[in-house]
Amino acid sequence: MIVGQQKDFDEIKKMISGYSRLLVLGCQTCVAISFAGGMREVEILASMIRMDRKMAGRDVEIKEEAILRQCDFEFLDSVKDLVADCDVVLSLACGIGVQAMAERYPDKVILPGLNTTFMGLTEEMGVWSERCAGCGNCILDKTGGLCPIARCSKGLLNGPCGGSMNGKCEISPDVDCVWQLIIDRLKALNQLEKLEEIFPIKDWSVSGHGGTRKIVREDLTA
Amino acid sequence: MIMKSGSNLEKILSSGQFSVTAECGPPKGTSAKVIQKKGELLKSYCDALNVTDNQTAIVRMSSLSGCVILKQVGVEPVMQMVVRDRNRLAIQSDILGAVALGIRNVLCLSGDHQKFGNHPTAKGVYDIDSMQLLQTLKHMRDEKKFLSGDDISGEVPLFLGAAANPFADPFEFRVTRLAKKIKAGADFIQTQAIFDVPKFIRWMDMVRDRGLDQNVHILAGVIPVKSVGMARYMRNNVSGLSVPKELVNRMADAKDAKEEGVKICLEIIEQIKEIKGIHGVHIMAVAWEDIVPGIVEKAGLMPRPIKH
């Protein structure tokens, strides 16, 4: 899933400072799971804004809503009237949701309330970590199901570098060395010989460096 | 014998002589004098001098420029190149320029993560890794082609180096990694600094078991320690270094810490020289370059072979 993190309240305040009729719009999918942009977070953020405006002696009218998927055009029409009634939409979706809203409502200002942080998973309650970098050419078959592009600090394909110690990365004792994990796992699977081969130079053109990515499936298009 | 680069370092190593290299950190500024002085100082005491490439991710004068300045004072440089700061286009073009300017030795490195340096918010490049950098330069030299397959006009005579760290984890994989670097194109290796000699000996045993010492020249890295603070710092804070507690204690108990540091360094060199498969020593006297001549002399490594 996509993991998001709410922006600092001060930054949000600055962003919305010129507006008095707001729609705070959450997304019920990925960012709700990372407790950043679901209905609950919409309600809390809306209350914080109201309180802040009250203390500043400035009026604000806030509508609160969360839709199933902000990244999907078909769900965006359901908030048509709410959008029409506000000056600005503060979206608590990921960057995809914000852009989908901006595309669907070209005359409306849509602001991001979250930072879209990474594609990852919930390790435990309150802890999320990155797993995939969306490089466009999956190599997990060669690395024991652990991704060095997303999880090695240097994205090395022929790791580990000389900074791997006690299973940790040189950048921090809180960061696992994914190459240690890869080696441990391949050893357990009796596939360590896979790492005798030099991993060839990667084609980054499919990872976004070849221009914005798009998929067209002729068999599915009308 | 057919030379790959014809560099002094290559000649000495291929003739079976024990080699000495040292390190020269470029300045955080524009003065050529800093490098000239280090060059003049070390000229007669080493066969080649490494110029670091934004080491610890702190911006300094470029390695390529430092190498050219060294050449001007008659010192053979080893150009260090990290993949942290440049993509495959910049790498290949820098190599063409380096060869044009007479640089013959290149040490291929990943580079310390940018988080450590003075620009921790920088975007790391890592288009290719250090293994692939070796492959790239070998391909340029042997095939006279760019990665794209286009022809390179002119020769690319290079002697290719790589790093090896026997003290990083996982220990057993470190020999496999060395084997891969040799396969990728490494002609010589400069190891991480050795303080834990028994562990280094164990690693070298494994290296010889695979016959790798026959295919590459291994130069053992040493760092003369200047103070107990430095020893402690390296023991506790530098990832990929193994500094035994006894060494820290020796430094702490010493009346003259600098003298003790040199003594320890000499003892390590003495032990290293006896290890089969070690073809030289690489002295990394970080911010203490003027100690190198004394160490080389006392280690019985003088005179150095005359450069041709």
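The set of residues from region B:142-195 being part of a loop (DSSP other than H, G, I, E, B), in contact with a Leu (Cβ under 8 Å, 6 or more places away or on another chain) and within 11 Å of chain A (Cβ to nearest Cβ) comprises B:Phe167, B:Gly185.
For region B:111-140, enumerate the residues that are of a type in the set (Lys, Arg) and within 8 Å of another protein chain (Cβ to nearest Cβ). The answer is B:Lys115, and nothing else. Within region B:275-297, the set of residues being assigned to a helix (DSSP H, G or I) and in contact with a Leu (Cβ under 8 Å, 6 or more places away or on another chain) comprises B:Glu289, B:Asp290, B:Val292, B:Pro293, B:Ile295.
Considering (1) touching a strand residue (DSSP E or B) at 6+ places or on another chain (Cβ under 8 Å); (2) at pLDDT 95 or above; (3) away from chain A (no Cβ under 14 Å), the lone condition that B:Val286 does not fulfil carries the number (2). Hey, does region B:234-246 have a residue that's out of contact with any helix residue (DSSP H, G or I) (no Cβ under 9 Å at 6 or more places or on another chain), among the polar types (S, T, N, Q) and either part of a loop (DSSP other than H, G, I, E, B) or surrounded by 15 or more Cβ atoms within 10 Å (Cβ to Cβ) (or both)? Yes, the conditions are met somewhere in region B:234-246.
Mind checking which residues of region A:17-34 are assigned to a loop (DSSP other than H, G, I, E, B), more than 18 Å from A:Leu82 (Cβ to Cβ) and either among the hydroxyl-bearing types (Ser, Thr, Tyr) or in contact (Cβ under 8 Å) with a residue 12 or more places away in the chain (or both)?
A:Ser17, A:Thr29, A:Ser34
Looking at the structure I just gave you, is B:Gly300 modelled with pLDDT of 95 or more, of a type in the set (Gly, Ala, Ser) and assigned to a loop (DSSP other than H, G, I, E, B)? Yes; evaluated as a whole, the condition is true for this residue. Taken together, the residues in region A:79-121 that are crowded, with 20+ Cβ neighbours inside 10 Å and either out of contact with any strand residue (DSSP E or B) (no Cβ under 7 Å at 6 or more places or on another chain) or among the acidic types (Asp, Glu) (or both) amount to 1.
When restricted to residues that are within 17 Å of B:Ile35 (Cα to Cα) and surrounded by fewer than 20 Cβ atoms within 10 Å (Cβ to Cβ), region B:290-308 contains 3.
Filtered by the rule that a residue be of a type in the set (A, V, I, L, M) and farther than 20 Å from B:Ala299 by Cα, region B:25-55 gives B:Ala32, B:Val34, B:Ile35, B:Val51. More than 14 Å from chain A (Cβ to nearest Cβ) and either within 19 Å of B:Val156 (Cα to Cα) or surrounded by fewer than 21 Cβ atoms within 10 Å (Cβ to Cβ) (or both): does that describe B:Cys108? Judged against the criteria, B:Cys108 is not a match. Given the structure, is B:Leu49 touching a Ser or Thr at 6+ places or on another chain (Cβ under 9 Å), within 28 Å of B:Lys276 (Cα to Cα) and in a helix (DSSP H, G or I)? It is false that B:Leu49 is touching a Ser or Thr at 6+ places or on another chain (Cβ under 9 Å), within 28 Å of B:Lys276 (Cα to Cα) and in a helix (DSSP H, G or I).
Find all pairs meeting these conditions: Cβ atoms under 8 angstrom apart; at least six residues apart or on different chains; first residue within region B:9-24 and closer than 28 Å to B:Asn54 by Cα; second residue among the basic types (Lys, Arg) and in a helix (DSSP H, G or I). Qualifying pairs under 8 Å: B:Cys24/B:Lys38.
Matching residues to (1) under 27 Å from B:Val238 (Cα atoms); (2) exposed (fewer than 11 other Cβ atoms within 10 Å of the Cβ); (3) facing another protein chain (nearest Cβ under 10 Å):
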site	(1), (2), (3)
A:Gly155	yes, no, yes
A:Lys168	yes, no, yes
A:Ile171	yes, no, yes
A:Asp176	yes, no, no
A:Asn190	no, yes, no
A:Leu195	yes, no, yes
A:Phe199	no, no, yes
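Within region B:49-91, the set of residues being within 14 Å of another protein chain (Cβ to nearest Cβ), at positive phi and more than 15 Å from the chain's Cα centre (by Cα) comprises B:Ala57 only.
The values are calculated or read from the model by the stated rules, or taken from the named source; none is laboratory data. These numbers come from a predicted model, not from an experiment. Neighbour counts run over all protein chains shown; Cβ positions are idealised from the backbone, glycine included.
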